[in-house]
Number of protein chains: 2
Amino acid sequence: MDFDVHRGFLLLSGGLSNRTAMNYCSHCGTPVSHRIPDGDNRHRYVCDACGAIHYQNPRMVVGCLPVWEDQVLLCRRAIEPGYGLWTLPAGFMENSETTAEGAQRETLEEAGARVEIVDLYTLINVPDIDQVSLLFRARLLDLDFAAGEESLEVALFAEADIPWDELAFRTVKKTLEHYFEDCRSGQFPLHLSNLDRRH
Amino acid sequence: MDFDVHRGFLLLSGGLSNRTAMNYCSHCGTPVSHRIPDGDNRHRYVCDACGAIHYQNPRMVVGCLPVWEDQVLLCRRAIEPGYGLWTLPAGFMENSETTAEGAQRETLEEAGARVEIVDLYTLINVPDIDQVSLLFRARLLDLDFAAGEESLEVALFAEADIPWDELAFRTVKKTLEHYFEDCRSGQFPLHLSNLDRRH
């Protein structure tokens, strides 16, 4: 298969941005207008009937880089965006949880894997789609993992075997590149970066 | 005035959580139900008419710890929560920006201050109110600052003068405590922590 490494991201860009069009006020059901409220400097969805201002803000994608000896755990996606491509276990942070709890939950859901969090490893801004990716280095606690509903398969990869041309997201590619580079020095500082804006 | 150091946070907890009650579908205007959708494991607002699932996720509060020689810049809040109490310049991250851009924007809006970002300094989860606070160490570029619309006043404080009993938020108190402690060693690592759950 001739995968484009950016395919997953492009699909994500088209499909999952947090900037959702709003037609009706979720509080009172009246059609909303899209305008700059008094005292603000940005367009918001505003209800002229009940006065509600509906703010939309970036979302966090939290996940893990699960490590076992010289291998890392990847999941092959069973859903779009990036169906059939490989990723680190990660997903949208939920209310009521911490970033690390969300990362562990996603790792359990997508890879059936139990991990111990080591440290926050990459924080990557993706302003085009209003997301911030937070990936944690984590120690895989056992080899009893299994594909969850959103994965086709889950497997361990040494550096030489990473499917670089079949990765679902640029954030995952960047994190893996940092990781194998840092393995040479044995130092794993937090890497903060931004994905370039495309529009 | 007899301020409770936690007052700001409690007000925030009561007033600004991201978990907003939804009555009507923002896509089609039909009343929504609050239930666990098929294939999910959490309650969501779901529209049985058009099928939309309305996810709610944590929000990021981004801001700066602006430093000038041995002093830090604080703002006295002109709005609730925490009216009259002191804070670091910070606010909700907006769509289309990076975390550092949001932190600089908030610093300009609330304190009229221009800063150069040094590094991410504290990441504090506040799961009770579905927020993650990201505060950056920053160098104040000049002394030409002034209170913005959301501030009563803006001032520089040396450690001995910090109004510890009149701080608006626990995240701010924690960040200032780390900072002055780290000043003694000259090392400023990223501090990750969670505020305790209260309910």
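What follows is calculated from the coordinates using simple rules that are stated; it is not laboratory data. This is a predicted model, so every value here is computed, not measured. Virtual Cβ from ideal backbone geometry, glycine too; neighbours counted across all protein chains shown.
Under unit Cβ charges (Lys, Arg +1; Asp, Glu -1), what dipole magnitude, rounded to 20 debye, does chain A have relative to its Cα centre? Let's see the in-between values first.
Working: 18 positive and 31 negative charges, 176 e Å.
My answer is approximately 840 debye.
Specify the residue with the greatest mean-square fluctuation among A:GLN71, A:GLN131, A:GLN104, computed from a Gaussian network of chain A linking alpha-carbon atoms under 10 Å apart.
Top of the fluctuation ranking is A:GLN71.
Please name whichever of A:THR87, A:ILE36, A:ASN23 sits farthest to the positive end of the charge dipole of segment A:12-151, dipole taken about the Cα centre and charges placed at Cβ: Lys and Arg +1, Asp and Glu -1.
Toward the positive end, the furthest listed residue is A:ILE36.
So what's the gap between the Cα centers of segment B:78-142 and segment A:26-88, to the nearest angstrom?
That distance is 20 Å.
With the label 7 angstrom out along Cα to Cβ, how close does B:PHE180 come to the same site in each of the other copies, in nm, nearest first?
Label-point distances to the other copies, shortest first: 4.8 nm.
Estimate the FRET efficiency between B:CYS183 and A:THR20 by the formula 1/(1 + (r/R0)^6), using the beta-carbon distance for r and 45 Å for R0, to the nearest 0.05.
Numbers: r = 44 Å, r/R0 = 0.97.
E between B:CYS183 and A:THR20, to the nearest 0.05, is 0.55.
Give the list, by residue number, of cysteines in chain B with no other Cys Cβ closer than 4.7 Å, or say none.
B:CYS64, B:CYS75, B:CYS183
Would you please put A:38-48, A:52-62, B:46-56 in order of how densely packed they are, using the mean number of other Cβ atoms within 10 angstrom per residue and starting with the highest? Spell out each step's value before the answer.
Details: A:38-48: 13.3, A:52-62: 20.4, B:46-56: 15.1.
Peptide ranking by packing, descending: A:52-62, B:46-56, A:38-48.
Using a Förster distance of 35 Å, how high is the FRET efficiency between A:ARG114 and A:ASN194, based on the Cβ-Cβ distance and rounded to 0.05?
Values: r = 32 Å, r/R0 = 0.91.
Approximately 0.65, to the nearest 0.05.
Which whole number gives the average, over all residues in B:89-101, of C-beta atoms from other chains lying within 10 Å of the residue C-beta? Provide the component values of the computation, followed by the final result.
Values: counts 0, 0, 0, 3, 6, 8, 13, 8, 4, 12, 7, 3, 3.
Shielding by partners across B:89-101 averages 5.
Per-residue mean of other chain beta-carbon atoms within 10 angstrom of the beta-carbon, peptide A:124-136? Let's see the in-between values first.
Details: counts 1, 7, 1, 8, 1, 2, 5, 1, 8, 0, 3, 0, 1.
So the per-residue partner count for this stretch is 3.
Order of B:PHE145, A:PHE169 from fewest to most other C-beta atoms within 10 Å?
Values: B:PHE145 25, A:PHE169 28.
Taking fewest neighbouring Cβ atoms as first place, the list is B:PHE145, A:PHE169.
Work out the length of the dipole vector of the protein assembly as shown about its Cα centre, built from +1 on the beta-carbon of each Lys and Arg and -1 on the beta-carbon of each Asp and Glu, and round it to the nearest 20 debye.
Working: 36 positive and 62 negative charges, 164 e Å.
Dipole of the protein assembly as shown, to the nearest 20 debye: 780 debye.
What ranking do A:PHE157, B:PHE136 get, fewest neighbouring Cβ atoms within 10 angstrom at the top? Intermediate values should be presented prior to the final figure.
On the way: A:PHE157 15, B:PHE136 25.
Starting with the residue having the fewest Cβ neighbours, the order is A:PHE157, B:PHE136.
Kindly put A:VAL126, B:VAL67, A:VAL118 in sequence by how many other C-beta atoms sit within 10 Å of each C-beta, fewest to most. Walk me through the numbers on the way to the answer.
On the way: A:VAL126 23, B:VAL67 18, A:VAL118 14.
Ranked by crowding around the Cβ, least crowded first: A:VAL118, B:VAL67, A:VAL126.
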